[in-house]
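Read the structure below first, then the notes.
The values are calculated or read from the model by the stated rules, or taken from the named source; none is laboratory data. Everything quoted here is computed from the prediction, not taken from an experiment. So basically every Cβ, Gly included, is an ideal-geometry build from the backbone, and we count neighbours across all protein chains shown. Note: areas computed on protein heavy atoms with side chains; ligands, DNA, RNA excluded. Shrake-Rupley method; radii C 1.70, N 1.55, O 1.52, S 1.80 Å.
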Amino acid sequence: MSDHPEQTSKDPALSRRAFLKGTGVTAATASIVSLPTTSEAAPAPATKQVGPGAVSITLNVNGADMKTSVEPRVTLLDALRNYLDVTGCKRVCDRGSCGACTVLLDGKTVYACSTLAIEAQGKKIQTAESLVDGEKLEKVPAAFANEDAQQCGFCTPGFVVAMHAAFQDNPKASQAEIEEAISGNICRCGTYQQMRDAITSLCQNK
């Protein structure tokens, strides 16, 4: 009898070793086969870097092209107020939570304090100034004036822009739908009831 009998396939140690060795080779082979060659790999898209110094930009504000130079870090709010003298949108929280800086970007409401100016290029920017034609007010700011829906007035431009956008999206919107649309705006003076009165008048006269 041999001192070292031949191990059979029923030996657990041999089975585990063989299994692990086999699966390791298989996994390595599969990973090598699946790797794309250099010629097959898609080229990385080219990106244009700007900054850190000021760059020239053109913003379409209330239908007019306005040119200025800003650093890439400058927000749309700062570009409008400090570089282009468009002061309808207000700086209040500067954290994207109060809505006082609300403007329209291609018809959609955005917080100007949380949007970079360079990202607004090629888009149509609409501020509260666009809702006034000489001494004639658009229906939303007119309703605010008629119902005395403001006190200090800092939040008013953001509210009227957001409400104008809501009626633009759905001229037949209900009062509840309009209130939901402007829920991202805050009035620290608490003139919400007068705003509801303004919404009521707008919904009744549409």
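Within the range 54-69, restricting attention to residues that are part of a strand (DSSP E or B), of a type in the set (A, V, I, L, M) and without any contact (Cβ under 8 Å) to a residue 24 or more places away in the chain, which residue is nearest to Gln121 (Cα to Cα)?
If we filter the range 54-69 for residues that are part of a strand (DSSP E or B), which is where we start, we get 55-61, 64-69.
Subsequent filtering for residues that are of a type in the set (A, V, I, L, M) retains 55, 57, 59, 61, 64, 66.
Next cut, without any contact (Cβ under 8 Å) to a residue 24 or more places away in the chain only: 64, 66.
Numbers: Ala64: 13, Met66: 10 Å.
Per the stated criteria, the residue is Met66.
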Selection within the range 60-100 - hydroxyl-bearing (Ser, Thr, Tyr), within 23 Å of Lys48 (Cβ to Cβ) and surrounded by fewer than 15 Cβ atoms within 10 Å (Cβ to Cβ): Ser69
Failed criterion for Gly184 (all others in (1) surrounded by 21 or more Cβ atoms within 10 Å (Cβ to Cβ); (2) within 22 Å of the chain's Cα centre (by Cα) hold): (1)
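How about the range 113-206: which helices (runs of 4 or more DSSP H) wholly inside it have at least 2 residues that are within 30 Å of Ile57 (Cβ to Cβ) and either of a type in the set (D, E, K, R) or in contact with a strand residue (DSSP E or B) (Cβ under 8 Å, 6 or more places away or on another chain) (or both)? Don't jump to the end; show me each part of the working.
On the way: elements: 139-146, 156-169, 175-181, 192-204.
In the range 113-206, the matching helices (runs of 4 or more DSSP H) lie at 156-169.
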Neighbours by Cβ (under 8 Å, 6+ apart or cross-chain): first from the range 101-126, more than 15 Å from Ala165 (Cα to Cα) and open to solvent by 40 Å² or more (accessible area, probe 1.4 Å); second modelled with pLDDT of 95 or more and among the hydroxyl-bearing types (Ser, Thr, Tyr): Ser114/Thr75; Leu116/Thr75; Gln121/Thr58
Condition broken by Cys155, with the remaining ones in (1) more than 21 Å from the chain's Cα centre (by Cα); (2) under 17 Å from Thr109 (Cα atoms); (3) hydrophobic (A, V, I, L, M, F, W, C) satisfied: (1)
